[in-house]
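As structure tokens, the structure follows; a few thoughts come after it.
The values are calculated or read from the model by the stated rules, or taken from the named source; none is laboratory data. The shown structure was predicted, so the numbers you read here are calculated from the model rather than taken from an experiment. Because the Cβ atoms are built from the backbone with ideal geometry, glycine has one as well, and the counts that use them run over all protein chains shown. Heads up: the accessible areas ignore ligands, DNA and RNA and are worked out on the full protein's heavy atoms, side chains in. Shrake-Rupley method; radii C 1.70, N 1.55, O 1.52, S 1.80 Å.
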Amino acid sequence: MTKVTMSAIAREAGVGVATVDRVLNQRAPVRGATEQKVLAAASRLGYRHAQSRLLHPGAPPTATLRMGFLLLSTDYSLYRQLSEALREQAIPHHPAGVEPLFVTHGIDEVEQAAQSLRALAMRVDVIGVVALDHPLIRHAIQAVSRQGVRVYALFSDFSPCGQAGYIGVDNQKAGRTAAWMAQHLLRRPGSVGVLLGDHRFTCQESCEISFRSGMREYGATQRVLEPLNTRESVEGGYRAAQALLEGHPDLQLIYAPCGGIEGVVRALREQAQRRVMLVCHGPVQEGELALIDGSITLMLRHNIETMAAAVVRLCTDRQSERDARYEQVILPFEMITRENM
């Protein structure tokens, strides 16, 4: 049977290929009438897809594969929520009675994470990974990829090591968005702090670089300080924020594209008279309350449910493909303030 391409569907529906991609892969919303036009065209052409339930609502998924996930421990911010969302999305695509496998590790447990990755590869077909861009991790990814197990980087990509792709936000855009907001918030000279979970998270490194670039381009008069590490933990965030507050009396704003924000919020609340603004990434536990009371000024929030759906969708879409091309799925982020929650 001839494969039906997105280009063919686009011609049949009278829309662009990007619109077809958004509809069939649920990457972004489109108008209802346009969506129905695309689905009708796909159905007429006999399109078959891992997400073909869109064409026939209520039909069970046909893809069955074994998925594994190597994530940071649920003691860190948002990983419990991510694990639950991934499990919910992945279970329908597994054989009956089989569930996705989850292995967690601490941020500094690099050797353990590499070993867990190799062990997971013996039991699953595809792996989603959150880990530091460390040589040991990259070596393990390269090894399991050669065995035919596809490895996808979640949130933070790796230097080239055979990974099958990346699913996350555009970190350059996130960093520059934070700089754009800081430029509008800041009114006088002073210091701006930057907090990172770890320098080996390439996503956070890109956010920091882009934030600094944006501040320079906008002609900001504030001094951007060297970053401090939160180690992605609440206590680490608290200590790093305390160090900024105590070491820089002219501190005006903190940019934190990392985990451990709950600790940063606690430190800011303890010195509320300082009125230091916080632009952070999320979600954050009790983040809405922190936005309401002003502890967080702006949150660039990842939608965890959308990300989990995108991860599973990419895994199932690529299951039958033999080529090893790198796939990148860029997800939107939300700009959340106390007024638009």
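What share of the DSSP beta bridges in the chain is antiparallel, in percent to the nearest 5? Spell out each step's value before the answer.
On the way: 4 of 41 bridges.
Approximately 10 percent, going by the DSSP bridge assignments.
What translational diffusion coefficient, in µm²/s and rounded to a whole number, does the Stokes-Einstein relation yield for the stretch 56-171 at 4 °C and a viscosity of 1.567 mPa s, taking the hydrodynamic radius as the Kirkwood radius over Cα pairs?
Working: Rh = 14.6 Å.
For these conditions, the coefficient is 89 µm²/s.
Computed FRET efficiency, Cβ-Cβ of Gln112 and Asp75, R0 22 Å: what is it to the nearest 0.05?
Details: r = 15 Å, r/R0 = 0.67.
So the FRET efficiency works out to roughly 0.90.
Show me, for the stretch 118-124, the HN-Hα J-couplings you get by feeding each phi into the Karplus relation (A = 6.51, B = -1.76, C = 1.60, θ = phi - 60°), rounded to Hz, glycine and proline as x.
Using θ = phi - 60°, the values come out as 5, 5, 4, 4, 7, 10, 10 Hz.
Work out the charge dipole of the chain with +1 on the Cβ of Lys and Arg and -1 on the Cβ of Asp and Glu about the Cα centre, then indicate which of Cys280, Leu244, Pro92 is farthest towards its positive end.
Highest projection toward the positive end goes to Pro92.
Once you keep just the Cα pairs under 8 angstrom separated by 6 or more residues, what percentage relative contact order results for the stretch 74-170? Please report the intermediate quantities before stating the final value.
Numbers: 111 pairs, mean separation 18.5, N = 97.
Taking the mean separation of contacting Cα pairs over the length of the stretch 74-170, I get 19 percent.
Over the stretch 72-172, what percent of the accessible surface lies on carbon and sulfur atoms, probe 1.4 Å?
On the way: 2000 of 4290 Å².
After summing per-atom areas, the C and S share lands at 47 percent.
Take every Cα-Cα pair in the stretch 184-304 and report what % of them are more than 19 Å apart. Mind showing how you got there, number by number?
Numbers: 2964 of 7260 pairs.
Everything past 19 Å amounts to 41 percent.
Grab the other residues whose beta carbon is less than 15 angstrom from that of Gln204, score K and R as +1, D and E as -1, and report the net.
Working: positive: Lys173, Arg176, Arg200, Arg212, Arg231; negative: Asp133, Asp157, Asp170, Asp198, Glu205, Glu208, Glu226, Glu232.
Its environment carries a net charge of -3.
Run the helix sum for the chain: -39,500 (n - 2.57) per DSSP H stretch of 4+ residues, divided by residue count, reported at 222 nm to the nearest 500 deg cm²/dmol. The partial results should precede the final answer.
Working: 12 runs with 140 residues, N = 341.
Value at 222 nm, helices only, nearest 500: -12500 deg cm²/dmol.
Report the paramagnetic label zone for Leu136: residues of the stretch 159-175 whose backbone N is under 18 Å from a point 7 Å from Cα along the Cα-to-Cβ axis.
Zone members listed by number: 159.
Which residues' amide hydrogens lie under 5 Å from the amide hydrogen of Leu253, considering only partners 5 or more residues apart or on another chain, with H built in the peptide plane?
Sorted by chain and number, the residues that satisfy this are Gly193, Met277.
Under a 1.4 angstrom probe, counting protein chains only, how are Leu244, Leu45 ranked by accessible area, largest first?
Details: Leu244 5, Leu45 65 Å².
Result of the area sort, largest leading: Leu45, Leu244.
Compute for the chain: radius of gyration divided by Kirkwood radius, i.e. Rg/Rh, restricted to C-alpha atoms, rounded to two decimals. Don't jump to the answer; show the numbers that get you there.
Numbers: Rg = 21.6 Å, Rh = 21.4 Å.
Here the Rg-to-Rh quotient is 1.01.
log₁₀ I(q)/I(0) of the stretch 205-248 at q = 0.13, 0.16, 0.19, 0.23 Å⁻¹, via Debye over equal Cα point scatterers, no solvent, to two decimals?
Taken in order of the listed q values, log10 I(q)/I(0) reads -0.36, -0.53, -0.71, -0.88.
Using a Förster radius of 51 Å, what is the FRET efficiency between Leu289 and Ser7 based on their Cβ-Cβ separation? Nearest 0.05, please. Walk me through the intermediate numbers first.
Details: r = 48 Å, r/R0 = 0.95.
Efficiency, from the Cβ-Cβ distance: 0.60.
Rounding to the nearest 10 and keeping the result within 0 to 90°, find how far the Cα-based axis of helix 79-90 lies from the longest principal axis of the chain.
10 degrees
Taking only Cα atoms, what is the 0 to 90° angle, nearest 10, from helix 32-44's long axis to the longest principal axis of the chain?
Rounded to the nearest ten degrees, it is 30.
Taking Cα atoms, how many degrees apart are the long axis of helix 234-247 and the longest axis of the chain, rounded to 10 and kept between 0 and 90?
The angle comes out near 40 degrees.
For the stretch 154-168, what does the Karplus curve 6.51 cos²θ - 1.76 cosθ + 1.60, with θ = phi - 60°, yield as ³J(HN,Hα) per residue in whole Hz, taken in order and with x for Gly and Pro?
10, 6, 10, 7, 10, 4, x, 8, x, 4, 7, x, 9, 10, x
Give, in nm to one decimal, the length gained when the segment between His184 and Arg274 is fully stretched (0.36 nm per residue of separation minus the Cα-Cα distance). Spell out each step's value before the answer.
Values: separation 90, 0.36 × 90 = 32.40 nm, distance 1.90 nm.
Extending this stretch completely gives an extra 30.5 nm.
Could you tally the net charge around Ile141, taking each other residue with its Cβ under 13 Å from the Cβ of Ile141, Lys/Arg +1 and Asp/Glu -1? Don't skip to the end; give the middle numbers.
On the way: positive: Arg118, Arg138, Arg146, Arg150; negative: Asp133, Asp157.
Around Ile141, the surrounding residues sum to +2.
Just the number please: accessible area per residue for the chain, 1.4 Å probe, all protein chains included, in Å². Kindly include the intermediate steps, with their values, before the conclusion.
Details: 16080 Å² over 341 residues.
Computed with neighbouring chains in place, this is 47 Å² per residue.
Counting Lys +1, Arg +1, Asp -1, Glu -1, what net charge surrounds Ile91 among other residues with beta carbon under 13 Å of its beta carbon?
Around Ile91, the charge tally is -1.
Any idea of Glu217's accessible area? Nearest 10 Å², probe 1.4 Å.
Roll a 1.4 Å probe over it and Glu217 shows about 120 Å².
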